[in-house]
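The values are calculated or read from the model by the stated rules, or taken from the named source; none is laboratory data. What you are looking at is a predicted structure, and each value in this text was computed from that prediction instead of being measured. Heads up, the Cβs are rebuilt from the backbone with ideal geometry, glycines too, and the neighbour counts pull from every protein chain shown.
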Amino acid sequence: MSIIPNWLHRLSSPKNFYRFAGTASNWCGWIALVLIIAGLYYGLIDSPPDYQQGDSARIMYVHVPAAWMSMFVYVVMASSAAVGMIWRIKASSAFANASAPVGAMFTALALLTGMLWGKPMWGTYWVWDARLTSELILLFLYLGYMALNSAIEDRETAARATAILALVGVVNIPIIHYSVEWWNTLHQGATVTKLDKPSIHISMLIPLLLMAFAFKFYYLSNVFRRARCELLERERGKAWVRELVGGEKGE
Amino acid sequence: MSDFFHMGGYAFYVWTSYALATVFMLFSWIQPRLRERRLLRDIERRLKRGER
Amino acid sequence: MSEAKLGVAFFTLLRRDLMLAYRHRAQMMNPLLFFVIVVSLFPLGLDPEPELLHTIAPGVIWVAALLAAMLSLDTMFRSDFEDGSLEQLLLTPHPLPLLVLAKILAHWLVSGLPLLLLAPLLGMLLNLGSEGLLPLLATLLLGTPILSLIGSIGVALTVGLRGGGVLLSLLILPLFIPVLIFAAAAVGNAEAGIDITGQLAFLGSLLAAAFALAPLATAAALRISLN
């Protein structure tokens, strides 16, 4: 395994990862906060309303980054689960498990904001358009992962079983997307059903990208914190945990 | 200023979206912190009692 | 020389599963009965108007097929798990994915193939019409093995867990959606006179991919579940 640099190898030990994750979580958290404030300013105040959709287009600055994250997090989840299973790195499995609720949250957020964007646009809260339908199925995949995780008692077994599920899911997601797109073109009604982004103007691109990066840093901050928790629970009996708790009064 | 809140008539949709995002992300942010604190306290308590 | 042994092992396992199924054939009938009952619920819950039934027939039959598959999948590994023979299977020197394939084949012969035999009856109940029947059979022929293959992964992951059946459905039904979409649409399109070779080809390639990959995932999942 000489391709793995030394610092990465050291990081895979639960004790080192715990400490690293704490620092990383805080750093990412502050960066996320700054980016969110900037994104909110440019999104809500300093950008023009869309010529077609008016101010409702501002929902895009939440909906689109959330949708991007829902996909991104699943891929990261599957990858870190695979790494954790193949090389038996507990920190990686913890990272995967920690990602699931955050990914599910982003998916739910994408769905709800999508519905809130759709209502003024085409009159109903829900339409079976390709985007919303794919997001709904993705939510099912996340919830299934979390359900399997909680159904298995032994944490080690759970990590490996959910890794398989995540990998099967990640292979299926492109197939599901393609199928839903195809299904949608089959049944397209007279009204425009695509949840289209308004024509992107540079002044709209800036808040969009700001929020996208903000969400990414938020995700990292959140996942590192959750992974710490997960590791703590799995390693309760170990010496490094005892030292940690005995030495300092926790954080 | 009232234009800002009015959001061209879409006030409900826009503000609910941002409110949902805030609530979801805040909750998701707080929850692991509480859990970690509880966990550390629990481990400490067990240590003091001499259990593993 | 070990290939001959592998072939023997494969067919022995297949024959054993089929014999066991035959011995419990009353139980094997249940998902099929479920299939028919579920389909019958739709006219009762909606409107038995022939035009309406004709429109919803492909989708309803396929959804019912998915649900029936879920029910029957539960039995794939459970009895072997409970009496310990699953563990024995994992200990044999033969490659597990191939043995898993034997079990999946047995499962499909017992639970999937009969759905094809029932299809004409259900087509009649839902006013499917003669142009829809052959496409329906084609999609069922291609699609039901995919359900058994992908479903086996879910069964392997949940074998021995509490709440197994429902959990299995949560995990597997989303993965069935592409099959559902293309199969039901193919039947509908065929009735409208549109050429469906593309859709059947897509189902065929899903089947090929599932055939190649699912046994590997299922074998890995079995090893994990049995620790």
> Considering only the range C:76-132, how many residues are of a type in the set (S, T, N, Q) and touching a residue at least 24 places away in the same chain (Cβ under 8 Å)?
Replying inline: 4
> In the range C:207-217, which residue that is in contact (Cβ under 8 Å) with a residue 40 or more places away in the chain and more than 9 Å from chain A (Cβ to nearest Cβ) is nearest to C:T55 (Cα to Cα)?
Replying inline: C:L207
> Could you say whether any residue in the range C:49-63 is among the small types (G, A, S), over 18 Å from the mean Cα position of the chain (by Cα) and surrounded by 22 or more Cβ atoms within 10 Å (Cβ to Cβ)?
Replying inline: yes
>> Just to check your reading of the model, which residue among C:A26, C:A69 is within 19 Å of the chain's Cα centre (by Cα), more than 12 Å from C:S111 (Cα to Cα) and assigned to a helix (DSSP H, G or I)?
In response: C:A26
> Can C:P135 be described as assigned to a helix (DSSP H, G or I) and more than 8 Å from every other protein chain (Cβ to nearest Cβ)?
Replying inline: yes
>> Suppose we filter the range A:52-96 for residues that are charged (D, E, K, R), within 13 Å of another protein chain (Cβ to nearest Cβ) and part of a helix (DSSP H, G or I); how many remain?
In response: 2
> Taking C:I194, is it in contact with a Lys or Arg (Cβ under 6 Å, 6 or more places away or on another chain) and of a type in the set (A, V, I, L, M, F, W, C)?
Replying inline: no
> If A:D46 satisfies every condition in (1) away from chain B (no Cβ under 11 Å); (2) closer than 22 Å to A:R131 by Cβ but one, which is the exception?
Replying inline: (2)
> When residues of the range B:1-39 are filtered for being among the acidic types (D, E) and under 19 Å from A:S70 (Cβ atoms), how many remain?
Replying inline: 0
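Table: residues versus (1) part of a helix (DSSP H, G or I); (2) within 28 Å of A:A104 (Cα to Cα); (3) more than 8 Å from chain A (Cβ to nearest Cβ).
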{"residue": "B:D3", "(1), (2), (3)": "yes, no, yes"}
{"residue": "B:G8", "(1), (2), (3)": "yes, no, no"}
{"residue": "B:W15", "(1), (2), (3)": "yes, yes, yes"}
{"residue": "B:L20", "(1), (2), (3)": "yes, yes, no"}
{"residue": "B:P32", "(1), (2), (3)": "yes, yes, no"}
{"residue": "B:R35", "(1), (2), (3)": "yes, yes, no"}
{"residue": "B:R38", "(1), (2), (3)": "yes, yes, yes"}
{"residue": "B:R41", "(1), (2), (3)": "yes, no, no"}
{"residue": "B:L47", "(1), (2), (3)": "yes, no, no"}
> Of all the residues that make up the range B:1-33, how many are surrounded by 12 or more Cβ atoms within 10 Å (Cβ to Cβ) and charged (D, E, K, R)?
Replying inline: 1
>> On the basis of being within 14 Å of chain B (Cβ to nearest Cβ), under 30 Å from A:K238 (Cα atoms) and either assigned to a helix (DSSP H, G or I) or modelled with pLDDT under 95 (or both), does A:S99 make the cut?
In response: yes
> Pick from B:E36, B:E44: which is under 28 Å from A:V62 (Cβ atoms), free of Cβ contacts under 8 Å to residues at least 24 places away in the same chain and out of contact with any His (no Cβ under 7 Å at 6 or more places or on another chain)?
Replying inline: B:E36
> Is there a residue in the range C:146-153 that is away from chain A (no Cβ under 13 Å) and either closer than 18 Å to C:S111 by Cα or touching a Pro at 6+ places or on another chain (Cβ under 8 Å) (or both)?
Replying inline: yes
> Taking the range A:129-170 as the region of interest, how many residues are facing another protein chain (nearest Cβ under 9 Å), farther than 30 Å from A:M60 by Cβ and of a type outside the set (D, E)?
Replying inline: 13
> Taking interchain pairs and intrachain pairs at least six residues apart, which have beta carbon atoms under 8 angstrom, with the first residue in the range A:4-23 and touching a residue at least 12 places away in the same chain (Cβ under 8 Å) and over 20 Å from B:W29 (Cα atoms) and the second among the hydroxyl-bearing types (S, T, Y) and not in a loop (DSSP other than H, G, I, E, B)?
Replying inline: A:S12/A:S92
> Is the range A:159-180 home to any residue that is farther than 30 Å from A:G43 by Cα and either in contact with a strand residue (DSSP E or B) (Cβ under 8 Å, 6 or more places away or on another chain) or at pLDDT below 90 (or both)?
Replying inline: no
> Looking at (1) away from every other protein chain (no Cβ under 14 Å); (2) in contact with a helix residue (DSSP H, G or I) (Cβ under 6 Å, 6 or more places away or on another chain); (3) surrounded by fewer than 22 Cβ atoms within 10 Å (Cβ to Cβ), can you tell me which one C:L142 breaks?
Replying inline: (3)
>> Suppose the filter is touching a helix residue (DSSP H, G or I) at 6+ places or on another chain (Cβ under 6 Å) and more than 19 Å from A:F217 (Cβ to Cβ); does B:L34 pass it?
In response: no
> Of everything in the range C:167-206 that's under 21 Å from A:N149 (Cβ atoms) and more than 9 Å from every other protein chain (Cβ to nearest Cβ), which residue is surrounded by the most Cβ atoms within 10 Å (Cβ to Cβ)?
Replying inline: C:L168
